[in-house]
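Each remark here refers to the structure printed beneath this line.
We did not get these values from a lab; they are worked out from the coordinates using the rules stated. This one's a predicted model, so the numbers in the text were calculated from it and none came from an experiment. Using ideal geometry, Cβ is built from the backbone for each residue, glycine included, and neighbour counts are taken over all protein chains shown.
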Amino acid sequence: MKPEWGAVFRILEKWRREHLAASEGSDPSVTALAEEYKKEPGTPRTVLSDREELKERGSPPDKAWAVLVSTILSLRTKDAVTLKTSKSLLEKAPGPKELIGLGEEKTAKLAYPAGFYRTKAANLQKIAVILLTQYGGKVPADMDALLSLPGVGRKTANLVLTEAFDMDGICVDIHVHRISNRMGWVETEVPDKTEAELREILPKRYWKRINALLVLYGQNVCRPVSPFCSRCPLAKHCKRRGVGKAR
Ligand code: SF4
């Protein structure tokens, strides 16, 4: 049976609205962070909230740079830590030039306690050099170019393309991967394969939304261990493939 995409996405959007209203709008994920950038292009409100202070200090971080940096910091890191470290790092390094000026040690200090902060700091330094020498200091709006950057995988590249450049892409992280399999939309072992299969079956109009919706849903309802199936509004659309213990 074909997934009823329209119904599923309506349910997810409604659940998200209600959840955010009940939790006073707290969605600390990188995708939510990126949504903030969209409100005022070039000035990510969540990352750098004080416009006046920014004006005094110089130009705000480029939106694509901010999405790239915060997505790299977010890998294997709790959302709250991603927010804090992104803010610290982007304040000091609103662009690749400033990041190089910081040096690897200071970058690592600002990235701490994000997971693998030393590796991320080293990769960010290398990325900054590549951006300056090959792309005029800008983040490229191109999948292959993004994938050639150290530490950048498909998840990060897709998020940069969709959130910073408003291009088509499907950002598949562990939540999108898990829920897509449980729902029965795909049957895959790894996120990259999930992305490839979703590209075949998911109508394009949902590509950009799926990550933001399923990340929050996966953190709160369709949890990795023991999902809350008994109170899941998606239950009648879900095959519950691979679900053992549930609440
Ligand atoms: S029914 Fe259970 S497995 Fe399916 S989406 Fe809902 S919480 Fe996840």
What whole-number distance in Å separates the alpha-carbon centres of the stretch 83-160 and the stretch 165-205? 25
At 0.36 nm per residue, and after removing the present C-alpha to C-alpha distance, how many nm does the segment from Arg17 to Arg205 gain when stretched out fully? 65.8 nm
Quick one: 3J(HN,Hα) in Hz for the stretch 214-219, Karplus 6.51/-1.76/1.60 with θ = phi - 60°, rounded, Gly and Pro as x. 7, 5, 5, 5, x, 6
With label points built 7 Å along Cα→Cβ from the Cα atoms of Ile130 and Arg241, find their separation and express it in nm. 3.3
Quick check on the exposure proxy: order Lys193, Lys155, Lys2 from fewest to most C-beta atoms within 10 angstrom. Lys2, Lys193, Lys155
Using a Cα-Cα cut-off of under 22 Å, which lysines could be cross-linked to Lys14, ignoring same-chain neighbours fewer than 8 residues away? Lys2, Lys38, Lys39, Lys204, Lys208, Lys236, Lys239
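What is the dipole size for the stretch 125-227, taken about its Cα centre, with +1 at each Lys and Arg Cβ and -1 at each Asp and Glu Cβ, in debye to the nearest 20? All intermediate terms of the calculation are to be shown ahead of the outcome.
Numbers: 13 positive and 12 negative charges, 58 e Å.
Value, rounded to 20: 280 debye.
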